[in-house]
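The values are calculated or read from the model by the stated rules, or taken from the named source; none is laboratory data. Computed from a predicted model, the values in this text were never measured in an experiment. Note that each Cβ is placed from the backbone with ideal geometry, even for glycine, and that neighbours are counted across all protein chains shown. We work out accessible area using only protein heavy atoms, side chains counted, and drop any ligands, DNA or RNA first. Shrake-Rupley method; radii C 1.70, N 1.55, O 1.52, S 1.80 Å.
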Amino acid sequence: RYDDASFSGYIDNKPCLFMIEDVKTGLLSTLNEASRSSAGDDRFVETIRGKYSKNDYFIAPKTRRENFTICHYAADVEYESRGFCEKNLDRIKQDILDMLAGCSNDLVRDLFRNEAGEEKQGGGGKKKQALSTVKLPTVAGSFRDQLSELMKSIDKCQPRYIRCINPNGDKRAGYFKPPYVLDQLKCGGVIQAVKVMRSGFPQRFEHDKFVCMYRPLLHSKDVVEYVQQMKVTPTEEQEKGHCSDLQYLIGLVERSWSDDVTPDDFHLAADELCKALSGIIAADHAQGNARGEDSEGKGGHGSKLQCGKSMVFLAVGVGEMLDKRLRVVRNERVVMLQRMWRGYEVRRWVKRLRSASVLLLQYAAAARARLEWVQALRCAKATVLSSACRRVTAAPHFQLEKRAAATLNRISRGVPLRLSWVATRRDQAATLLQAAMRMGVHFKHMQAVRKAGVHIGRLGRVAIGR
């Protein structure tokens, strides 16, 4: 407990549970009495309306007399009383009991033999029926007894609850419905429990774990500046060593991981580390107020980080802020390690490069000499080889050109002859064509003269005959 801690209110559902489960005046007890006395549903509703008319968790609708509403933690639920008493008795018909009592299975017959006998004895008269009805268990009574046994079992152990959240009401895979899930979290009290938890110190660490986790923050810039301004109580070792506050604090934290460490050393190291870290918490708190942000924790910055006898308590947001600072410090250290390693690698590479450059020059000179000799040898061989190659390749080319020249001469001599022969053929063909045309013309003229002579002779003979 701390002086600046304030009480966090939460919704108490105990009055509603008392109204339902009270042994004498509860709703379940009233329902059992109405069921066993055969008063009926209307009598039951009238009784609870008169009994809980002034209760804040009970609402009696004026228009529907047979209904009533109970204000549960999750929501207001309206109940219809029709069939309440009958369903509460949960009776089994006599013919079904007789059939189960006469079953050939020994276990089933033993289970239902007594109930079948009680039902038969209870049917002898109203008095016996009333007595048997009183002895019969009810659904509400069984539920209350089972709930009582469950709570007793839970109180004897340390249970861990797992809340199953349904992502949607459509039974679809891969579909998340935020309003539906939010209603479940509200009705299950998860959000209220988170609010109550966040109003106090939700994060808690043991001294050794806290020192192990956040000791790298001692090397951050903000902590160094704060420790230099903070007055640490000097010890004999500090006075003898003439060390600074920061060196003393770092040595104190580092010494807590020696072989001969004790719980008091962890406690002292955690306490001094909390004092050092309170500086950056105060700086962030001041920056948040300057920006107009609302701090989630209550009280000043000193109440956000407290060192107890066995644990260190962190308020809301402090763990996230320290983790963020820790990531920054680790990133800086990683960058520094990378810079140092790269520098070492470059220096080693330069040293190797210098030692290898001389050897490389020697190899280069030898390789250049060998290359020049090889090139000269290749040039001599290439001259001889090229001459032989030219001779070999020129012989078939010469033969080909020779044959081509002979063919060309032959073709050049034959072309004029063919042209003269073609001209002669054309002249002969023209002569024959002209002779044929003249013969045709003379033949037609002869035919015409012949026809005229025949016609004249015929005309002369006709004239002579007249």
Can Arg160 be described as open to solvent by 90 Å² or more (accessible area, probe 1.4 Å) and within 22 Å of the chain's Cα centre (by Cα)?
no
Has region 22-45 got at least one residue that is part of a loop (DSSP other than H, G, I, E, B), open to solvent by 100 Å² or more (accessible area, probe 1.4 Å) and within 22 Å of Gly141 (Cα to Cα)?
yes
In the set Glu119, Glu78, which member is among the acidic types (Asp, Glu), within 30 Å of Asp42 (Cβ to Cβ) and at pLDDT below 85?
Glu119
Any residue in region 157-180 that is of a type in the set (A, V, I, L, M, F, W, C) sitting within a Cβ distance under 7 Å of a residue that is in a loop (DSSP other than H, G, I, E, B)? List the pairs, counting only those 6 or more apart or interchain.
Phe176/Pro167; Phe176/Asn168
Of the residues that make up region 310-324, is at least one within 28 Å of Asp264 (Cβ to Cβ), among the charged types (D, E, K, R), open to solvent by less than 100 Å² (accessible area, probe 1.4 Å) and out of contact with any helix residue (DSSP H, G or I) (no Cβ under 7 Å at 6 or more places or on another chain)?
yes
One residue is enough: does region 209-232 have a residue meeting the conditions at pLDDT below 85 and of a type in the set (Asp, Glu)?
yes
Any idea which of (1) open to solvent by less than 60 Å² (accessible area, probe 1.4 Å); (2) in a helix (DSSP H, G or I); (3) of a type outside the set (D, E, K, R) is the one Val358 doesn't satisfy?
(1)
Taking Gly83 and the conditions (1) more than 30 Å from Leu185 (Cα to Cα); (2) touching a Gly at 6+ places or on another chain (Cβ under 6 Å), which numbered condition does it fall short on, given that it satisfies the others?
(2)
Within region 76-89, can one find any residue that is of a type in the set (Asp, Glu), more than 30 Å from Gln192 (Cα to Cα) and more than 54 Å from the chain's Cα centre (by Cα)?
no
From the residues in region 46-59 that are over 26 Å from Ser148 (Cα atoms) and of a type outside the set (Ser, Thr, Tyr), which one is most open to solvent (accessible area, probe 1.4 Å)?
Lys54
